[in-house]
Amino acid sequence: MAQLSVSVDSVQQTANSSGMSLLLPLLFLPLTMTLILILPLRCIFSTRSAKGKSKLPLSPPALPLIGHAHLIGSLPHVSLRDVARRHGGEDGLMLLRLGVVPTLVASSMRAAQQVLCTHDRSFASRPRAVVSDVLFYGPSEIAFQPYGERWRQAKRLATTHLFNINKVQSFRGIREEEAGLLVNIISRAAETCTVVDMSKLLNKCTNDIMCCAVAGQSISVNGRDMVFRKLIDQTFKILGGFNLDSFYPGMTNFAGGLLVLSARRKAKSVRDGWSEVLDKVIDEHAAELADAKKNRDSGDDCGENPEVDFIHVLLSLQEECALTRENIKAILFEMLGAGTNSPYLTLEFIMAELMLHQDVMAKLQAEVRKTIPKGQKVIHEDDLTSMIYLKAVIKETLRLHPPVPLLVPRMSHEDCEVDVYTIPAGTTLLVNVWAICRDPMYWVAPEKFMPERFIYNGEIGGVDFRGRDFQFLPFGSGRRMCPAMNYSLASIEIILANLINHFDWELPRGVDAIDMTERFQVFTCRREKLLLLPSLHGITHPSKG
Ligand code: HEM
């Protein structure tokens, strides 16, 4: 999602690896051309500050052409925190120029509150980019749509028919069943002392839950679930790749779009992959709706309520909401993509942190195993209510490893007075929630994995992540906040409780440490796959003596 930042990363990597020598041949022509396009823009930008009327936040020294892009490293949230410490204002605001794009970076709790609450409306748009425009038909989904009525409508559809509390509750059967299937797979591995690839299993489990919630149980026929996971990988690879137009938006129209042709082609090819499989799924759903209507009209309706999923809902609202087939596909493929990755990456980080902190693991095992009666195979969501430590472990992991560390980049769609500054319309906004979550100003021992920090008098409490405590915003805040927080937490909790209740976990033989090195590709994820050796709790396998 954080397309801009990823692209910056690519520029930096290229610049670092060969002192710009790789970058220059690649960019020389486009950059020269862009200069012609950007000069007017730069003039506007500098005149505003020169007049003294509209003061701008502090900026580090910039280079010609690339501005501050060279300051961003392979983990943009880490380098932006370091640059802000050296060059930003005490108010936590800093202004960068990435290529020609003015970019406001908010790195303190107060700055986050200013831009996400006080001025939420002004910063409620998203920067445009060729890849997301092509991938999402416009874009016409939620996350990349500019602020306006179409975005509002798409978000309302998802919130009302997929993510409201009652809907999330109604998916509990799906979650319990999928978590059970995961336990079965791991149990078989445990019986034969086989190492499991947790990254792959968690990815599959969260994807299966999302697929069933969106499209019903039938979606995984003919190996479609595998096709979806492959397409999700391709989508995030292309969204996270180097995209010239994110730095030089003028490129999109320059020379008939020649310079963004390759990005356009790649995005179209991934979109066609989605389109092919989603068209089939949508056609099946349309046929089911037509059958149901025929039965109703002919009086053959046997009174049974056919299962209604999100695709049925979108199809029935197609006329009322003026939704095209393309709009529907864009929304669906965003749900399947975002719905899989953030929960699975969070679960992977939780398991990695637990392996690193065996005292926390032991405490969590004790809580879960005390709550679930011995011999009860299936964990029900009602069992989770009293698992306070489990909720604290999830919160602490989201604090240290927010999957979207800079939020999804926003853009101001109007001039805006932030404190003493005037931020011009068209400025990209990055909120470094990762840095704020590790700031010693707001957190005791911020680098320590300490779930207890969220427990007060035996209850979960304190700072919360629902968008009102600006030192802890893993789901963002304001109009553009993640609509799927309750959905995600429900999936994460049930899967985690199952992993902890049924199994004891070890590192594979010959591995003596967990590597927590991160990688940034739209989401922050662990660089290495998480490989673990499970054993069934309470059963000592003969081969282990
Ligand atoms: C651990 C789980 C998740 C985390 C931490 C997370 C985090 C985020 C964040 C930080 C944003 C940007 C908010 C902002 O700009 O203020 C976001 C937006 C969004 N997320 Fe999530 N997310 C999660 C799960 C999901 C799931 C499961 C889905 C869908 C099935 C989803 C769909 C979206 C959408 C559609 C947006 C765009 C909202 C908008 O632009 O109005 N997210 N998410």
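Computed from the coordinates by the stated procedures, all read-outs in this text should not be read as laboratory data. Quick caveat, the model's predicted, so the values are computed rather than measured. Here the Cβ is made from the backbone with ideal geometry for all residues, glycine too, and neighbour counts use every protein chain on show.
For the chain, which semi-axes, largest first and in whole Å, follow from the square roots of 5 times the eigenvalues of its Cα gyration tensor?
Calculated on Cα positions only, the semi-axes equal 39, 30, 22 Å.
Please name whichever of Gly273, Leu162, Ile494 sits farthest to the positive end of the charge dipole of the chain, dipole taken about the Cα centre and charges placed at Cβ: Lys and Arg +1, Asp and Glu -1.
Farthest towards the positive end: Gly273.
Where a Cα-Cα gap under 25 Å defines reach, which lysines qualify for Lys294, not counting those fewer than 8 residues away within the same chain?
Straight-distance partners of Lys294: Lys280.
Read phi for every residue in segment 475-484 and hand back ³J(HN,Hα) as whole Hz from Karplus 6.51 cos²θ - 1.76 cosθ + 1.60, θ = phi - 60°, with x for Gly and Pro.
In residue order, the calculated couplings are 9, x, 6, x, 4, 8, 4, 4, x, 10 Hz.
How many angstrom lie between the C-alpha centres of segment 65-96 and segment 320-359?
What the calculation gives is 28 Å, centre to centre.
For segment 291-390, take the alpha-carbon Rg, divide it by the Kirkwood Rh, and send me Rg/Rh.
1.20
Using each residue's phi in segment 500-516, evaluate 6.51 cos²θ - 1.76 cosθ + 1.60 at θ = phi - 60° and report the 3J(HN,Hα) Karplus result to the nearest Hz, with x for Gly and Pro.
7, 5, 8, 10, 9, 10, 9, 7, x, 4, x, 9, 10, 8, 9, 8, 9
So if I take the centroid of the Cα atoms in segment 477-506 and the same for segment 407-474, what is the distance between those two points in Å?
20 Å
Sorting Lys395, Lys448 on the 10 Å Cβ count, fewest up front, what's the list?
Ascending number of Cβ neighbours within 10 Å: Lys448, Lys395.
Treating only the Cβ atoms of Lys and Arg (+1) and Asp and Glu (-1) as charged, compute the dipole magnitude of segment 131-536 about its Cα centre; round to the nearest 20 debye.
That gives segment 131-536 a dipole magnitude of about 680 debye.
Mind checking which of Phe333, Gly426, Val368 is farthest towards the positive end of segment 131-536's charge dipole, using Cβ charges of +1 (Lys, Arg) and -1 (Asp, Glu) about the Cα centre?
Sorting the options by dipole projection puts first Gly426.
Restricting to DSSP H runs of at least four residues, report the calculated mean residue ellipticity at 222 nm for the chain, -39500 (n - 2.57) per run over all residues, nearest 500 deg cm²/dmol.
Using -39500 (n - 2.57) per qualifying helix, the result is -16000 deg cm²/dmol.
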